[in-house]
Amino acid sequence: MSSTTLIYDATQKNVFDTDILPKLTAFLGESFALTPLAYEGQSLADWSPEGEVWLWLGDDALYELLPWAAKEGWTVGFLPHPEMARSLRAFRIPEQLTSALEALTEAETAQSADLLYCNEQLVLGSVMMGHPSLMKPASLVDESVWCKFKNLWLMTANISKNCLLPFECQTAKETDIHTAALGVTLVYRPGNSEFTKRVVGETEKDEPMLHAVILAPTSIVQVLHFLFTKVLPRDVRARKTLPDYVGYVKTEHIDIHGGDALQFSVDGETLQADKVSVRVEADVLAVRNARLPEKDTSKELKETVKIQRLPKGQAVKELINRRLPWIHHADQEELRETFVTLKENAQTSESYLVLMILAALLSTVGLFANSAPVIIGAMILAPLMSPIISFSMGVLRQSSELIVASGKTLMAGVGVSLLFGTLLTLMIPLQIINSEIGARLSPNLLDLGVAILSGIAGAYASARHEVAKSLAGVAIAVALVPPLSVAAIGIGWWDWQVFWGAFLLFLTNLVGIILAASATFLFLGFSAFHVAKKGLILSLAVAAVISIPLVFAFGSLVQEQKVVYTLEGARLEGVELRDVRIRSNNPLVISSRLLSDQAMTVQDVDAVKAAIEQRLHQPVQLEATTAVIR
């Protein structure tokens, strides 16, 4: 580096003379041959510098100089300039002058760098296209904390005002992409933009390829998820899977068309064109910088296209003509796939009956053994959830074919469960209500709430094939088979109180699931409201009737909890009450352990009973166990 030309910003000559040049002389020494050249936009066509060229210029000047430097074969080095924000990131230039000089002098040789162009215009940061009200704030979320939240607020405020735009893309390998998206972002290095970095992750080595991220949410919920993940700090290593609403393309160049003239921005400058062509020119600029990432020359360049979950076909036409819904509505392809699956689930098959019989037997054994793990295994094994979800769709769309088929399958499952559960109960010489059996004898409004939430989850999992694996968790949550098994135990014992309590719980689950699943399918766009109205009203009416005994049971539960809260740990007549339980409500029977520092007599227990009655303002029966504390 015996001869070096330093091109500096003429508009900031005073800063250069008083601050930059003295530091350069101090760092490099008086013997270093450095020729300053003031740049103020003049043509350099007739100027051929000898040796390397160092640049102390802002981004605006570099847009003009770097293509010329690449054409003329210059070897360039960069010194940090106050107006050099995008170049700093693009060429990994240290922000401190001393560090930048160290990066220059530590590099033994210059490294070939690639340049990104958009419609023949140099790109130092990113190309963004789509709705300016959403994509421009998205490009700025990596600024200061205040700027981050301000732009996130701008994006949130504009979500409901926009619909997706049509995009037609063709990659270097002539792969055609037809989709609808809020916007597309293109960069050379994913780390150059916080937007692409958080989707693709950082790359360790540079390749002569551009990275395109397609943001195509089909609902406001997905947009909110995107915004939420932009705020929270997290690891930005390369992701193995992309969000459902994001597509990713890595290629050497890409051509993009829109329905009309495309609005796009190059490093924040708003432009418009009928076609946007973005390409990477490989190894066109020699850069001396020890901080520049290493070029990857170890493998053949391969194009990557990940667009499997982006809108396509008829869905594109539907999405570009309407504003984003709160949640994704099913398109025609999804409707067909879901209906085919639900019709298959509505059929009575040999495997369905076998699994129902095994689940009923397993659940009955688990109930007698008072074993929660065995009962959970029966919940997972039972396929009863599938025909119920199919029945819900039939109710929603008033499809008699689906209602009849799934109804028969449901009744067959219930029938074999009661039959084989009863037969097994008659064979087992036990007749005691343990905790697992007793827990299913008094359903209340909380059980209806569980059923409703499970119905929502079941319908959503059926409509979204990527989350269908969660149906096992839904089956565990709603627990359809154990109540049937307890009802079968009631039949086997000839105890109609046990049968009715357990069967009411099953009916609660069944009605809650049907109502919630139908409403969820309606919300997801599987039926028009005028078609679904009759089925929803009928389901709601049945749920209201079922809720009557549940309301009374819930009221009793609340009263029991109040009594327990009032008495647990209380000291009455010098005695402490522990482990308070309600054995019965009519009459009120209370079981408790009485702790005293001396042996208790019958008179002492009577005194405690009287104190309890005085506190509760009603007569009670006390089942007491006494204990002496020493």
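Coordinate-derived values only; no laboratory data. A quick note: this is a predicted structure, and the numbers were derived from the prediction, not measured. Virtual Cβ from ideal backbone geometry, glycine too; neighbours counted across all protein chains shown.
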* Prolate/oblate/rounded label for region 1-110 (Cα gyration tensor, a/c 1.5) -> rounded
* Structure fact -> At R0 = 51 Å the Cβ-Cβ FRET efficiency linking LEU355 and GLU202, nearest 0.05, sits at 0.60
* Structure fact -> Toy charge model, Lys and Arg Cβ at +1, Asp and Glu Cβ at -1: the chain dipole around Cα centroid in debye, rounded to 20, equals 2920
* Structure fact -> The simple spin-label model distance between MET427 and ALA627, using points 7 Å out along Cα→Cβ, in nm, is 4.2
* To do: Check the straight Cα-Cα distances from LYS173 and name the aspartates and glutamates below 17 Å, setting aside those fewer than 8 residues away within the same chain.
  => GLU207, GLU252, ASP255, GLU281, GLU300, GLU303
* Asked: How much length is gained if the chain between GLU568 and GLU300 is pulled fully straight, taking 0.36 nm per residue apart and subtracting their Cα-Cα distance, in nm to one decimal?
  -> 89.1 nm
* For the cross-link pairs LYS562/LYS609; LYS23/LYS295; LYS250/LYS312; LYS23/LYS71, which exceed 25 Å when the distance is taken from alpha carbon to alpha carbon? -> LYS23/LYS295; LYS23/LYS71
* To do: Taking 7 Å along the Cα-to-C-beta vector as the label spot, tell me the ARG309-GLU344 distance in nanometres, rounded to one decimal.
  => 2.1
* Asked: Once amide H atoms are placed 1.01 Å from N in the peptide plane, what residues at a sequence separation of 5 or more from MET84, or on another chain, have their amide H within under 5 Å of its amide H?
  -> ASP59
* Any idea what diffusion coefficient region 332-555 gets from Stokes-Einstein, in µm²/s, Kirkwood Rh on alpha carbon pairs, 4 °C, 1.567 mPa s? -> 74
* Just one of (i) 17, 47, 31, 5, 0; (ii) 16, 31, 25, 19, 9, 1; (iii) 16, 40, 29, 13, 2, 0 is P(r) over Cα pairs in 20 Å bins from 0, in percent calculated from these coordinates, so which is it? -> (ii)
* Starting at the first residue of region 115-127, write each ³J(HN,Hα) from the Karplus equation 6.51 cos²θ - 1.76 cosθ + 1.60 with θ = phi - 60°, in whole Hz, x for Gly and Pro. => 10, 9, 10, 10, 6, 6, 9, 4, 10, 9, x, 8, 10
* **Given charges at Cβ of Lys, Arg, Asp, Glu: the chain dipole, positive-most of PRO22, ALA61, LEU515** => LEU515
* When the Karplus curve 6.51 cos²θ - 1.76 cosθ + 1.60 is applied with θ = phi - 60°, which whole-Hz ³J(HN,Hα) does each residue of region 537-544 get, with x for Gly and Pro? -> 5, 4, 4, 5, 5, 5, 4, 5
* **Spin-label model distance (nm) - VAL558 vs GLU102, 7 Å beyond Cα toward Cβ** => 7.0
* Asked: In the chain, with Lys and Arg counted as +1 and Asp and Glu as -1 at Cβ, which of these residues, VAL404, LEU6, VAL187, has the Cα nearest the positive end of the dipole, that is, farthest along it?
  -> VAL404
* Asked: If you place +1 on the Cβ of every Lys and Arg, -1 on the Cβ of every Asp and Glu, and leave all else neutral, what size is the dipole of region 332-555 about its Cα centre, to the nearest 20 Debye?
  -> 320
* Which one of ALA570, GLN111, ILE452 has its Cα pushed farthest toward the positive end of the charge dipole of the chain, where Lys and Arg give +1 and Asp and Glu give -1 at the Cβ? -> ALA570
* Structure fact -> With the 8 Å Cα cutoff and a minimum separation of six or more residues, the chain has a relative contact order in percent of 10
